[in-house]
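A short reminder: the numbers here are calculations on the coordinates, not readings from a lab. The structure presented is a predicted model; accordingly, all values stated were derived computationally and were not measured. Reconstructed Cβ throughout: ideal geometry from the backbone, glycine too, with neighbour counts over all protein chains shown.
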Amino acid sequence: MLVKKFLYWLPMPVIGVVNGVLRQTALLPFLDEFIARQVSAVLLVIFLTIYVNAVWRRLGIRSAREAWMTGLIWVLLTMIFEFSLGYFVSGLTFGQIWEEYDLFAGKLWTLVLIALLILPPIFHRMRR
């Protein structure tokens, strides 16, 4: 079960990178960085919803508990990926990375993680 959830998570960072490229090339020329990041976060939730919808049947989730566990696994994998990429590749401090999680400062990255957590239970309930 864990391997399958991991394998279906693997395209998500790719979707995130494509979304980042879209932000840099299509949004930043027209919006300031703060607004572009907010729009990009909303777009990423939409793209991830489309992806989960596309792979839903192959995930083989049979219970609400398994759906919640899948969402939790995806959130943890995403956070590990984000912190590792930010720290080891981009040279950011953990504090700088953590700043992206501050909803009170208008940062919407946390909404992406919430979406990853709740998409499997939502699809499970809708498809029962």
Chain lengthening between Ile118 and Met79 when straightened (0.36 nm per residue, less Cα-Cα): 12.5 nm
By average C-beta atoms within 10 angstrom, highest first, the peptides 64-75, 29-40: 64-75, 29-40
FRET efficiency estimate (nearest 0.05) - Cβ-Cβ, Arg62 to Val18, R0 41 angstrom: 0.85
Pairwise centroid distance, computed over Cα atoms, of region 67-128 with region 1-43, Å: 12 Å
Degrees separating the helix 109-127 axis from the principal Cα axis of the chain, which is the longest one: 20 degrees
Leu7 paired with Leu72, simple spin-label distance in nm, labels 7 Å along Cα-to-beta-carbon: 2.3 nm
Estimated vicinal HN-Hα couplings, Hz - region 69-86 in sequence order (Karplus 6.51, -1.76, 1.60; Gly, Pro = x): 5, 4, x, 5, 4, 5, 5, 4, 4, 5, 5, 4, 4, 4, 5, 5, 4, x
Residue (of Leu119, Met79, Val55) at the positive-pole extreme of region 2-127, dipole from beta-carbon charges: Val55
Cα gyration tensor category, rounded, prolate or oblate, for region 58-117 with a/c compared to 1.5: oblate
Calculated FRET efficiency for the pair Ser90/Ile35, C-beta based, R₀ 22 Å, to 0.05: 0.50
q = 0.14, 0.15, 0.21, 0.22 Å⁻¹: log10 I(q)/I(0) that the Debye formula gives for the chain, counting C-alpha atoms only: -0.64, -0.73, -1.28, -1.36
